[in-house]
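Note sheet for the following structure.
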């Protein structure tokens, strides 16, 4: 069935996202697990039927359910839990060789756009909520030097602000010679209903050919989307609560002789 | 210091652990003077709540004396006597400002983990698994209290610990359960589970205007306390069908308000209860839902089902069709303790409610492990244990 959607409408956007994610199929159980469910389920069902008692009937039912899951590759429980073992769903970011890597995330912060903008615009504040950054040093009004933690030491690059609309938008990109050609922007919009500010961050990485895996992994680990989400969560905590929630350094019992 | 640590399902022990430290500017360190074991601690004890780690300090009902303060806390002073709410809340986010403290956006350091489970993260909790932040609990000699400028409530020196300790959890929980029931004058309120929260909910329901309160349980001592609190008591093992009994008792209408003070480890002797037991034992289901099912079946048309009992996952054989057909209202969730502490302190002070009647045992913190076992097995008519470090 095809319906025509107004281009740019929320429905069209949703369709686009769904198509990009390629999750139209109901399969949410991985291949290995399906095989195990199928064989185990069939064996259990046969055994249950042959036992010819109430316990056997229960086992047969259970076996049947497993067999169904194996054959269809669909688990109601996984669906309800939004879990899939049939390959990872990666909403919100995409990776392709030509476009590099792009992440976009949004959070609502219970502070005014002015306050959010002012805090972010002072780039030396960024390491307070971006965990992979060790420091950002402002060189002059426009340029800054970013230093990120990596498994083997640090990675450094210079960046310049390419767009700056007070209380609304900051955009930056790396300068010539960066290991990872990267650009980012953050947009601050008043949230509806006086709920503060909608903060949307977009990051793009376009590394030189061949270095994609290595350098991106260095900077972001395996889950860039998760990283950005956690960074934004910390930004919100700093803006609203004035501190980042932690349990690092609290007591517990670990020594067992 | 000494603290009660979780060491695996069914195993807790008092151990020597490092003293708590100030980690953030809005922290306080509180020296514990009284702490209690909660029914929901038994869910941890039984291994029903995922993401516990060996060595975690338990306890979310506690009070004590402020001994150290982070530099941002100006509303408290060293030496203040405080009761600490079990949910940790920043006081600044959208939810705290809306008085929905248990849904705080900013207090769970493991919010990402909670989002994977539930889509969203609620507030951090003391001593209640890493899913809720992994905060060390208060069944200890001392505890670190985050956001101490908005959580802890100062209590007057002339009120003894036992009178105010339950402001930390079970009294506000019972009160919110009754409030969520939207009790109207003349209403009949049925309460499943006459444990500490259920017993206090009987009193709160009466305070909010219920004409009749019916408590459902199986333990004679709990049923006796329920009667003493002016409820009619139903021993569910002594009746053929609880829902039919309630219908008879309410002239065929059903109770106007049904409160489930049981949660995910419900017991029962009907077919569906055994089915739940089998499925959760085989890890095919997460929760035993018997009490909630009964509440839905029993509730009168257009009535309200209030759920203070804890649920953790996916419910099986949930009669939503019946709930829809009867036009029921559901209200539920973790208690917004901070919303109720002050008004309830006032009610205790005026003598309108005295929560001490639920206490059956007083022990030293050193004996806390025995306390858990006793509470779990209902030995010696155990209903509520208060621990003294």
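GNM remark for chain B: springs join alpha carbons under 10 Å apart, and the peak mean-square fluctuation among B:365, B:208, B:377 falls on B:377.
Cβ crowding within 10 Å ranks B:320, A:126 as B:320, A:126, fewest other Cβ atoms first. Take each residue of peptide B:92-102, count the partner chain Cβ atoms within 10 Å of its Cβ, and average: the result is 3. Scoring A:174-182, B:89-97 by mean Cβ neighbours within 10 Å over their residues and listing the highest first yields B:89-97, A:174-182. Applying 0.36 nm per residue to the separation of residue B:388 and residue B:207 and subtracting their alpha-carbon distance, the gain on full extension is 62.1 nm. As a proxy for reagent exposure, ranking B:363, B:176 by other Cβ atoms within 10 Å from fewest up yields B:363, B:176. When the alpha-carbon atoms of the stretch B:171-332 are used, the pair Rg, Dmax equals 14.4, 45 angstrom.
Each of residue A:156 and residue B:31 was given a label point 7 Å from its Cα along the Cα-to-Cβ line. The distance between the two points is 5.0 nm. For chain B, the share of DSSP beta bridges that are antiparallel, to the nearest 5, is 55%.
Per residue of peptide A:233-242, the mean number of Cβ atoms on other chains within 10 Å of the residue Cβ is 6. Working from label points 7 Å from Cα in the Cα-to-Cβ sense, the residue B:54 to residue B:159 distance is 4.2 nm. Cβ crowding within 10 Å, taken as a proxy for footprinting-reagent exposure, orders B:361, A:254 from fewest neighbours to most as A:254, B:361.
Throughout, read-outs are computed from the coordinates displayed, never taken from laboratory work. Being a predicted model, the structure only gives us computed values, none of them experimental. For neighbour counting, all protein chains shown are included, and Cβ atoms are generated from backbone atoms with ideal geometry for every residue, glycine included.
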